[in-house]
1. Simple spin-label model, 7 Å along Cα-to-Cβ: D106 to L59 in nm?
2. Which order do the peptides 135-141, 90-96 come out in when sorted by mean C-beta neighbours inside 10 angstrom, highest first?
3. Quick check: residue separation of S46 and T99 times 0.36 nm, minus the Cα distance between them. What number comes out in nm?
4. With every protein chain left in place, what is the accessible area of T127 in Å² (1.4 Å probe, nearest 10)?
5. What residues qualify as long-range amide H neighbours of I66, i.e. H under 5 Å apart, gap of 5 or more or another chain, H built at 1.01 Å from N?
Amino acid sequence: VGEALDAALRGAELTRRLLAFARRQPLKPERVDLNHLIGDIVKLLSRTLGEAIEISLNLAPDLWPIVIDPAQLEASLANLATNARDAMPQGGKLMISTTNRHLDADYASLFPEVTPGDYALIEVSETGTGIPPELIARIFEPFFTTKEAGKGTGLGLSMVFGFVKQSGGHVNVYSEAGVGTTCRRYLPGAPSGCDVGCGRWPQPGW
């Protein structure tokens with residue numbers, strides 16, 4: 001019975017991540033103080049990542065609020081942190097920062113899915129092994145992984161990608177072999193007084 005339950009739970013998690021990549025998971029967006037949410041989840045991450053991983057925060061005090069599903073945002077942060085830990089088997093540094101960014105028309109012209117506007121940026125960097133240039137373009141593909149067999153499903157980053165896109169945001173990754181990897185997630189800033197259904201939040205697929 002225990003094995004059957006474990007298999008069912010793994011199947012449910014697999015389905016959830018595939019729905020996230022396909023941007024079809026049900027979301028429960030609400031107005032979120034991003035810095036507060038990050039501070040809470042880092043308290044948990046510091047225990048799960050181990051003493052060999054040093055976590056540092058650089059959070060902008062004037063960060064714009066966002067309207068997003070907080071549970072899914074926490075899950076995406078946990079996925080990135082787990083990947084960072086696996087990329088630093090001998091230990092290292094995990095840095096999480098936030099800031100306000102305006103993505104203009106010139107930037108949007110390079111990424112067709114980007115809508116020019118104001119965004120809250122979450123940047124997660126680690127000092128791990130890095131990702132070879134020829135693999136960067138594939139890291140968001142479902143079931144693609146650079147980990148050893150049995151060490152990952154290949155759905156963690158695809159879930160992050162799908163969730164950010166479904167939330168009306170943008171994600172990119174920069175990496176250097178032997179130096180580390182940085183993942184930047186741009187989430188639409190919510191103007192004062194704006195709540196669910198306001199601004200650039202996509203309505204379909206909620």
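1. 3.3 nm
2. Put in order of decreasing packing, that is 90-96, 135-141.
3. So the chain would gain 16.9 nm between S46 and T99.
4. 60 Å²
5. V32, L34, A190
The values are calculated or read from the model by the stated rules, or taken from the named source; none is laboratory data. The shown structure was predicted, so the numbers you read here are calculated from the model rather than taken from an experiment. Every residue, glycine among them, receives a Cβ derived from its backbone with ideal geometry; neighbour counts consider all protein chains shown. SASA here: full protein model, heavy atoms, side chains in, ligands and nucleic acids out. Shrake-Rupley method; radii C 1.70, N 1.55, O 1.52, S 1.80 Å.
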